Amino acid sequence: MTRVLVLYFTRGGHTAKIAGAIAEQLLSRGAQVDVVDINSPAASQIRWDDYQLVALGACVLYGTYDKSVFKFIAEHRDALSARPNSFFCVNVVARNPEKRIPENNKYLQKFIALSPWTPADLKIIAGKVDYPSWPWYDRWMIQLIMKITKGPTDPKTVIDYTDWQDVKDYADHLLSLIKP
Ligand SMILES: Cc1cc2nc3c(=O)[nH]c(=O)nc-3n(C[C@H](O)[C@H](O)[C@H](O)COP(=O)(O)O)c2cc1C
């Protein structure tokens, strides 16, 4: 049975939800899946050799990624590269379909420039705007980003931009990365 490792960094929980949806789809295809938060104790006990495929996702925060993402990658670069692998990037600028094309998404380009691991496969997924759950300073900053990118600025806005069918398709695509 194919064993897949889905790793993620989340701040507010949405990237975790996406990782869970990927896992659910993989399970429905008969794979065995472990979903691990890179900042959880389980992340230091990963038995990499158990897996035929790995996907790592992270949300964009203020134009970049939490430093724990790059720390984890630096520690596990060889293990990540040793099997079919993919990186999925979650951000709200990707609510615009054009920004879901890797060459058009500056956050993905930034990841490629900064990451010690070069993923074999890349995916951009639109995230969630959830102003009421964010502290005022985050809300204020993201309202500013939204103003620039012509998105919602009403502080009551909660919009899930994730295309959940596309997330399922991505999970199926991941399985196709494994050579028979
Ligand atoms: C503090 C903060 C900063 C953010 N900065 C950006 C940004 O620069 N560009 C962007 O497209 N999305 C940005 N976002 C949107 C997040 O990437 C999006 O809400 C994502 O779904 C968050 O995932 P999480 O719930 O796993 O943390 C930001 C969100 C937060 C909370």
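The rule of thumb for compact globular proteins, 2.2 N^0.38 Å, goes into the C-alpha radius of gyration of the stretch 109-180 1.47 times. Among the trypsin sites (Lys or Arg not before Pro) found in the stretch 74-180, those both in a DSSP coil and sparsely packed, with 10 or fewer other Cβ atoms within 10 Å of their Cβ, are LYS150, LYS156. Relative contact order of the chain, taken over Cα pairs closer than 8 Å and 6 or more residues apart, is 23 percent. Just to be sure I understand: with springs between alpha-carbon atoms less than 10 Å apart, which residue in LEU53, LEU61, LEU80 has the highest mean-square fluctuation in the Gaussian network model of the chain? Result for the chain, Cα springs under 10 Å: LEU61 fluctuates most. Our note on the geometry: Cα centres of the stretch 151-179 and the stretch 1-33, 12 Å apart.
Put simply, the C-alpha atoms of the chain give a gyration tensor, and the ellipsoid matching it has half-axes of 28, 17, 15 Å, longest first. Please give me, ordered by residue number, the chymotrypsin sites (Phe, Trp or Tyr not before Pro) of the stretch 61-145 that lie in loop per DSSP and have at most 10 other Cβ atoms within 10 Å. Filter output for the stretch 61-145: TYR62. In the structure shown, the pairs LYS123/LYS168; LYS123/LYS150; LYS123/LYS156; LYS17/LYS168 are assessed against 20 Å; a Cα-Cα span above that value is assigned to LYS123/LYS150; LYS123/LYS156. Counting only alpha carbon atoms, the long axis of helix 14-28 and the longest principal axis of the chain meet at about 40°. Relative contact order for the stretch 1-97: 32 percent, from Cα pairs under 8 Å spaced at least 6 residues apart, divided by residue count.
GNM on the chain, alpha-carbon springs under 10 angstrom: the most fluctuating residue among PRO135, PRO152, PRO97 is PRO135. Bridging of LYS99 to aspartates and glutamates at a Cα separation below 14 Å is possible for ASP163, once same-chain residues fewer than 8 apart are set aside.
With respect to the chain, whose longest principal axis is taken over its alpha-carbon atoms, helix 164-176 is tilted by about 30°. Largest GNM mean-square fluctuation among GLY151, GLY20, GLY30, using the chain with Cα springs under 10 Å: GLY30. Taking the 1.4 Å solvent-accessible surface of the chain as the whole, the part contributed by carbon and sulfur is 54%. For the chain, the per residue solvent-accessible surface stands at 52 Å², with DNA, RNA and ligands left out and a 1.4 Å probe.
If the segment from LYS110 to ASP78 were pulled out straight at 0.36 nm per residue, it would be longer than the present Cα-Cα gap by 9.5 nm. Just to confirm the number: angle between the C-alpha axis of helix 67-81 and the first principal axis of the chain, 0 to 90 degrees, nearest 10? In the chain, helix 67-81 runs at an angle near 30 degrees to the longest axis.
The values are calculated or read from the model by the stated rules, or taken from the named source; none is laboratory data. All of these numbers come straight from a predicted model, not from anything done at the bench. Glycine also receives a Cβ, built like all others from the backbone with ideal geometry; neighbour counts cover every protein chain displayed. Quick note on the areas: whole protein, heavy atoms, side chains included, nothing else; ligands and nucleic acids left out. Shrake-Rupley method; radii C 1.70, N 1.55, O 1.52, S 1.80 Å.
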